[in-house]
1. Go through the stretch 80-106 and give me each residue that's in contact with a strand residue (DSSP E or B) (Cβ under 8 Å, 6 or more places away or on another chain) and of a type in the set (D, E, K, R).
2. Go through (1) touching a residue at least 60 places away in the same chain (Cβ under 8 Å); (2) charged (D, E, K, R); (3) open to solvent by less than 50 Å² (accessible area, probe 1.4 Å) one by one and return the number of the condition residue 52 breaks.
3. Starting from the stretch 103-131, keep only residues that are farther than 25 Å from residue 81 by Cβ and in a loop (DSSP other than H, G, I, E, B), then list their pairs with residues that are open to solvent by less than 80 Å² (accessible area, probe 1.4 Å) and among the small types (Gly, Ala, Ser) whose Cβ atoms are within a distance under 9 Å, requiring at least 6 positions of separation or different chains.
4. Can you tell me which residue in the stretch 301-329 is farthest from residue 353 (Cα to Cα), limited to those that are open to solvent by 40 Å² or more (accessible area, probe 1.4 Å) and more than 24 Å from the chain's Cα centre (by Cα)?
5. Please work out which residue is surrounded by the most Cβ atoms within 10 Å (Cβ to Cβ), limiting yourself to the stretch 370-397 and to residues that are farther than 28 Å from residue 495 by Cβ and of a type in the set (Phe, Trp, Tyr).
6. So how many residues does the stretch 125-149 have that are open to solvent by less than 30 Å² (accessible area, probe 1.4 Å) and either modelled with pLDDT of 95 or more or under 17 Å from residue 29 (Cα atoms) (or both)?
7. Look through 91, 121, 138 and report the one residue that is closer than 19 Å to residue 61 by Cβ and not basic (Lys, Arg).
8. Restricting to the stretch 409-424, what's the tally of residues that are open to solvent by 20 Å² or more (accessible area, probe 1.4 Å) and within 15 Å of residue 461 (Cα to Cα)?
Amino acid sequence: MELDYFLIKERIKQLETTFIKDGWLTIYESSEDDLIYCCLVHNSKIDEYKTDTDWVITPYYEGKPAVFGDGTYKTYSEDGYEPFIFIKHFNFNNGGEKYVDISEEFVLYFKLYERAESKQNRKYFFIDELGDLDEVINVEPNRIRIKLKYLKEYIAIRQLHFAVCFEFMRVGNIDISENKIEFIDKDFKGENYIYNHLIRPLDGKFQSWILGKKIISFDPSKSKSYHFDYENQVYESFITGYDEEGNEVYQDCSKTNEKYFVVTYFKKDVLNKYYNEPQKYEVDGWYVKSNFFSLKIDNNNEDYVAVFLIELGYLPYKEQLHWKHYNIQPQKGISHAYYQTMIEGNWVDHPETPDLFFKHKFEQFNKKWESKFGWRLYKALAKEDEHLFKALHIPTSNNVKSFCEQILSIIKITIDRLNEAELAKQITLEENDKGITKLEKFLAVHQMKIPDMIIFLRHLWNLRSGLLAHSFSNSNDNCKKAIKYFGIRDDSYVEVAKDIFTKSIFTLNTLENKLLTDENVETK
């Protein structure tokens, strides 16, 4: 047996760090030679508890609950002490099971969410204001760890002390004389720990045994500060104007009367986070929404996003920091649409930017077409593609990847989803007729020719090969013609996207004006 192992030096070193590593505290560990355990100690008992190595609460005897001889029922059998973990061992016919439970009061305080592979392997998570999961407890068959910051808040609020109890045993053959090992039975004591180290002969071998506990005391200054304390809400500061020296003026986003109509501005890039996760967020001309927050915004400006300062104060602080990163100097003000809707209370017919207006127009057009013809010109997206419509927007920078993704989405929503089966019922089909040709023939049946619109749709479709590759360098001839038609360059992706959205709106308006007015529609 190695000397350091016999003398339990590694464990003594861990004791100096209170078994804490990377912000995690080990509160239970069980092996053949070692045991780490824990309990809670009331403030009235802590001085007495520090005087000896007795744990008071021990495994399998956690003392919850207890009925005494006089019929008295107590939640905890030992006054002034509470178990924090409960080792449970069940024997039943054809089997048995052992696992460790955590204090339900701790779990309920933080409203922890449990994910379990089994009772022996499970995790507990705190769900923050944005719905993000933060792991708090990790349960393994022979070890349990807890994130220290949560434990410290819990004991501070309850004004309790947390005891990490430990027992380490080494028994084996070792040369006592050569290693100059002395037999001892000695207590080691400090401000927040006490343990006994015993070294002695035992049944022809030698025993090294450490038994003790270390105390994590609560911080009195934090006994009235907790994770859901809205009185301690933090408010970030944003640019709201300039001072007399021309320096930017910052104001925090707390709600006060003088800030009611103060506006601050952001790059459009601030919305990319939300567009990129349509399963979590929804963006329109007036709001960014999720299951966890709703922020009023003016998204009707092509070059920036405007927000009333105090609206940002309703965001979780982590989300305020996201917006802070994209804060810019004062711009031209809020849009006419936003002013009418949010200030005057007169709901406008539609948002103003091409992308938002296209989405609004597309839904209205499809409903109107169906009411006239009995079927939708554009079929609904498949369930797995519904996010494409929610996330549809003009790219915020000349990024080829973003451009390709958004224009591919327009193609999938419109040309890909043309209701070819219904269009084919009213035209004479020829071999290889596809969606745009079917639409063109359908219009011809209704005595309409719209060559500019058809040219636009064909060029949009022909961009597809370059879009799929996120590169136009090896495009085929049709794609090259489309690139020239749209004027695509490395520095024009945003402007081209705006043009495509605008022409897509013109397409819907043209079809509506030509086919969906009473005098032009021939219903079946």
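The values are calculated or read from the model by the stated rules, or taken from the named source; none is laboratory data. Fair warning: this is a prediction, and the values are worked out from it, not measured in the lab. Every residue, glycine as well, gets a Cβ built from its backbone with ideal geometry; the counts of neighbours run over all protein chains shown. Only protein heavy atoms, including side chains, enter the accessible area calculation; ligands, DNA and RNA are left aside. Shrake-Rupley method; radii C 1.70, N 1.55, O 1.52, S 1.80 Å.
1. Listed by number, the residues that qualify are 82, 88, 97, 98, 101.
2. Among (1) touching a residue at least 60 places away in the same chain (Cβ under 8 Å); (2) charged (D, E, K, R); (3) open to solvent by less than 50 Å² (accessible area, probe 1.4 Å), the lone unmet condition for residue 52 is (3).
3. 130/290; 131/290
4. 329
5. Restricting to residues being farther than 28 Å from residue 495 by Cβ and of a type in the set (Phe, Trp, Tyr), the top hit is 373.
6. To start, the set of residues in the stretch 125-149 that are open to solvent by less than 30 Å² (accessible area, probe 1.4 Å) comprises 125, 130-131, 136-139, 144, 146, 148.
Going one step further and asking which of them are either modelled with pLDDT of 95 or more or under 17 Å from residue 29 (Cα atoms) (or both), we end up with 125, 136-139, 144, 146, 148.
So the count comes out to 8.
7. Working: 121 fails: closer than 19 Å to residue 61 by Cβ; 138 fails: closer than 19 Å to residue 61 by Cβ.
Within the list 91, 121, 138, the selection yields 91.
8. Total satisfying the criteria: 3.
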